[in-house]
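Rule-based calculations on the coordinates, nothing more; no lab input. All values reported here derive from a predicted model rather than from experimental measurement. When we count neighbours, we look across all protein chains shown, and the Cβ atoms used for this are built from the backbone with ideal geometry, even at glycine.
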Amino acid sequence: MTVTGQMPQIMNVEGVSLIAAQQTQVVKIVARFLSPDKAKETYLVADETGNTSHNLVSDAVDSFISNTPIKETRLLKVLDACFNVSCTILIWWAPLDRDDLVKFDDKEAFRKHVINCLAENKDINAYYVPKIAQ
């Protein structure tokens, strides 16, 4: 999962940090969906172990199994923080060379898509670009 744009305040989400995406692989995939200039402002969302968002997504899937409210998961808190500052969000499952991400410009539609994928234990291969960033 990556976020691009104004630095969201996800540092306030326990166990989540942003890592500048200086890896050329990540910047290249983001540049396929955004302008190359914006791709340079990309951050990887990581958990407390330094892993990318895999554990955040896994924890959100687990919330459906344990009947924990999805809005209380770190993943949804990160999405909300990004929505609040109009960041672009990309969530995809490897490999990095895929081109099949579904685009959303409506945050509620993107949120619903993410939640549906989590509930059905499907890969999330989508991205959200706020209308003001287009």
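Do the conditions hold for E72, that is, is it surrounded by fewer than 14 Cβ atoms within 10 Å (Cβ to Cβ) and not polar (S, T, N, Q)? Yes: the conditions hold for E72. Residues in the stretch 41-57 that are outside any strand (DSSP E or B) and within 14 Å of G15 (Cα to Cα): E48, T49, G50, N51, S53, H54, N55, L56, V57. Checked against (1) part of a loop (DSSP other than H, G, I, E, B); (2) crowded, with 20+ Cβ neighbours inside 10 Å, L79 passes all but condition (1).
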